[in-house]
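> What follows is a single structure, and I will ask about it in a moment.
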Amino acid sequence: MLRAAGIDPEVIVSGVDEDAFSAPSTGELAVALARAKASTVAAALSDGLVIGCDSMLDLDGHGYSKPASPDEAAARWREMAGTSRTLYTGHCVIDAATGKQVAAVGETTVRFGRPTEAELAAYIATGEPLNMAGAFTIEGLGGWFVESIDGDHNNVIGISVPLLRHLFRELGVTIPELWARYR
């Protein structure tokens, strides 16, 4: 998504143990994880902008990341089917040269359809929901079962370009500057 938006990122996996974190709310947990991921990567760099993100789907006050098993994915889908839920994506941007960091959370309401048991079994069998926060994608096979969203579509995919623009601005970085670095 960032490449399509004119930025050529280098992907560095942070290795942060997501299970070691807790927070009072799903949105705060998503931001805490984004901060931890960005901080871990930035600590090993002397310059550059580091973006850390983490998405979680809120189900009745409990934040869900990736399901641990096909059975867990099926249970989540049965709970989500026919409801509206909020997906939170925490964003943290760190200027590795100065250490300055900014963070925020994007919120998007997702209205889920009601897949049949056969559709649900087939979807889970693809393995896709096991690798996604909330056990679904909007841009992949799971998109068939999302009725609509309120908010930023990119946030559901995992990184809000409009929110990043605001965070970059807080660091004094303009989008055209980033485009120039890509060319």
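> Is there a residue in the stretch 50-65 that is assigned to a loop (DSSP other than H, G, I, E, B), open to solvent by less than 50 Å² (accessible area, probe 1.4 Å), in contact (Cβ under 8 Å) with a residue 24 or more places away in the chain and over 19 Å from Ala104 (Cα atoms)? So that I can check it myself, show each step before the final result.
We begin by selecting, within the stretch 50-65, every residue assigned to a loop (DSSP other than H, G, I, E, B); these are 60-61, 65.
Next cut, open to solvent by less than 50 Å² (accessible area, probe 1.4 Å) only: 65.
Filter once more, keeping what is in contact (Cβ under 8 Å) with a residue 24 or more places away in the chain: 65.
Subsequent filtering for residues that are over 19 Å from Ala104 (Cα atoms) retains none.
No, there is no match, as no residue in the stretch 50-65 is assigned to a loop (DSSP other than H, G, I, E, B), open to solvent by less than 50 Å² (accessible area, probe 1.4 Å), in contact (Cβ under 8 Å) with a residue 24 or more places away in the chain and over 19 Å from Ala104 (Cα atoms).
> Please find, within the stretch 151-183, the residue that is modelled with the lowest pLDDT out of those that are small (Gly, Ala, Ser) and crowded, with 17+ Cβ neighbours inside 10 Å. Break it down into steps so the answer makes sense when it comes.
Of all residues in the stretch 151-183, those small (Gly, Ala, Ser) come to 151, 158, 160, 172, 180.
Remaining after also requiring crowded, with 17+ Cβ neighbours inside 10 Å: 158, 160.
On the way: Gly158: 92, Ser160: 96.
That would be Gly158.
> Restricted to the stretch 146-159, and to residues that are of a type outside the set (Asp, Glu) and without any contact (Cβ under 8 Å) to a residue 60 or more places away in the chain, which residue is nearest to Ile124 (Cα to Cα)? If you could, list the steps in order and put the result at the bottom.
Filtering the stretch 146-159 for residues of a type outside the set (Asp, Glu) gives 146, 148-149, 151, 153-159.
The next check asks that each one be without any contact (Cβ under 8 Å) to a residue 60 or more places away in the chain; those that pass are 146, 148-149, 151, 153.
Details: Val146: 15, Ser148: 21, Ile149: 22, Gly151: 26, His153: 23 Å.
Filtering the stretch 146-159 for residues that are of a type outside the set (Asp, Glu) and without any contact (Cβ under 8 Å) to a residue 60 or more places away in the chain, the one nearest to Ile124 (Cα to Cα) comes out as Val146.
> Here's a follow-up. Please work out which one of (1) basic (Lys, Arg); (2) part of a strand (DSSP E or B); (3) more than 18 Å from Gly106 (Cβ to Cβ) is the condition Arg85 fails and give its number.
Among (1) basic (Lys, Arg); (2) part of a strand (DSSP E or B); (3) more than 18 Å from Gly106 (Cβ to Cβ), Arg85 violates only (3).
> Next question, about the same structure. Could you tell me which residue of the stretch 151-177 is farthest from Thr116 (Cα to Cα), considering only residues that are outside any helix (DSSP H, G or I) and not hydrophobic (A, V, I, L, M, F, W, C)?
Keep residues of the stretch 151-177 that are outside any helix (DSSP H, G or I), which gives 151-152, 158-160, 171-174.
In the following step, the residues that additionally are not hydrophobic (A, V, I, L, M, F, W, C) were identified as 151-152, 158, 160, 172, 174.
On the way: Gly151: 27, Asp152: 27, Gly158: 26, Ser160: 31, Gly172: 49, Thr174: 46 Å.
Going through the qualifying residues, I end up with Gly172.
> Being among the β-branched types (Val, Ile, Thr) and closer than 30 Å to Glu170 by Cα is the filter; apply it to the stretch 69-92 and report the residue that is surrounded by the most Cβ atoms within 10 Å (Cβ to Cβ).
At the first step, the residues of the stretch 69-92 found to be among the β-branched types (Val, Ile, Thr) are 83, 86, 89.
Those still in the list that are closer than 30 Å to Glu170 by Cα too: 86, 89.
Working: Thr86: 18, Thr89: 27.
Looking at residues that are among the β-branched types (Val, Ile, Thr) and closer than 30 Å to Glu170 by Cα, I get Thr89.
> In the stretch 93-150, what count of residues is obtained for those that are assigned to a loop (DSSP other than H, G, I, E, B), closer than 19 Å to Asp58 by Cβ and open to solvent by less than 40 Å² (accessible area, probe 1.4 Å)? Please lay out each step first, then the result.
So in the stretch 93-150, the residues assigned to a loop (DSSP other than H, G, I, E, B) come out as 96-100, 113-116, 126-127, 132, 136-140.
With the extra rule that they be closer than 19 Å to Asp58 by Cβ, the set shrinks to 113, 132, 136-138.
Adding the requirement that they be open to solvent by less than 40 Å² (accessible area, probe 1.4 Å) leaves 113, 136-138.
Qualifying residue count, the stretch 93-150: 4.
> Out of everything in the stretch 37-49 that is over 14 Å from the mean Cα position of the chain (by Cα) and small (Gly, Ala, Ser), what residue ends up being farthest from Thr109 (Cα to Cα)? Reasoning before the result, please.
First pass over the stretch 37-49, keeping only residues over 14 Å from the mean Cα position of the chain (by Cα): 39-49.
Then keep just the ones that are small (Gly, Ala, Ser); that gives 39, 42-44, 46, 48.
Numbers: Ser39: 28, Ala42: 31, Ala43: 34, Ala44: 35, Ser46: 38, Gly48: 33 Å.
Restricting to residues being over 14 Å from the mean Cα position of the chain (by Cα) and small (Gly, Ala, Ser), the top hit is Ser46.
> Another question, then. Under 9 Å by Cβ, and 6 or more places apart or on different chains, what pairs join a residue from the stretch 12-24 that is surrounded by 15 or more Cβ atoms within 10 Å (Cβ to Cβ) with one that is part of a loop (DSSP other than H, G, I, E, B) and of a type in the set (S, T, N, Q)?
Glu18/Ser65
> Is one or more of the residues making up the stretch 101-111 modelled with pLDDT of 95 or more and in contact with a Lys or Arg (Cβ under 6 Å, 6 or more places away or on another chain)? Break it down into steps so the answer makes sense when it comes.
Just the residues of the stretch 101-111 that are modelled with pLDDT of 95 or more, to begin with: 101-111.
If we keep only those that are in contact with a Lys or Arg (Cβ under 6 Å, 6 or more places away or on another chain) as well, we get 103, 110.
Looking through the stretch 101-111, at least one residue is modelled with pLDDT of 95 or more and in contact with a Lys or Arg (Cβ under 6 Å, 6 or more places away or on another chain).
> Scan the stretch 115-149 for residues that are within 13 Å of Ser84 (Cα to Cα) and either of a type outside the set (D, E, K, R) or in contact with an Asp or Glu (Cβ under 9 Å, 6 or more places away or on another chain) (or both) and jot them down. Can you show your working first?
Of the stretch 115-149, the ones within 13 Å of Ser84 (Cα to Cα) are 134, 145-149.
Result: Gly134, Phe145, Val146, Ser148, Ile149.
> Quick one: what pairs do we get from the stretch 99-111, first residue free of Cβ contacts under 8 Å to residues at least 60 places away in the same chain, second open to solvent by 50 Å² or more (accessible area, probe 1.4 Å) and assigned to a strand (DSSP E or B), C-beta under 7 Å, 6+ apart or different chains?
Thr108/Asp150; Thr109/Ser84; Thr109/Asp150; Val110/Ser84; Arg111/Ser84; Arg111/Glu147
The values are calculated or read from the model by the stated rules, or taken from the named source; none is laboratory data. What you are looking at is a predicted structure, and each value in this text was computed from that prediction instead of being measured. Note: ideal-geometry Cβ built from the backbone for every residue, glycine included; neighbour counts use all protein chains shown. To get the accessible areas, we keep the full protein, side chains included, count just its heavy atoms, and leave off ligands, DNA and RNA. Shrake-Rupley method; radii C 1.70, N 1.55, O 1.52, S 1.80 Å.
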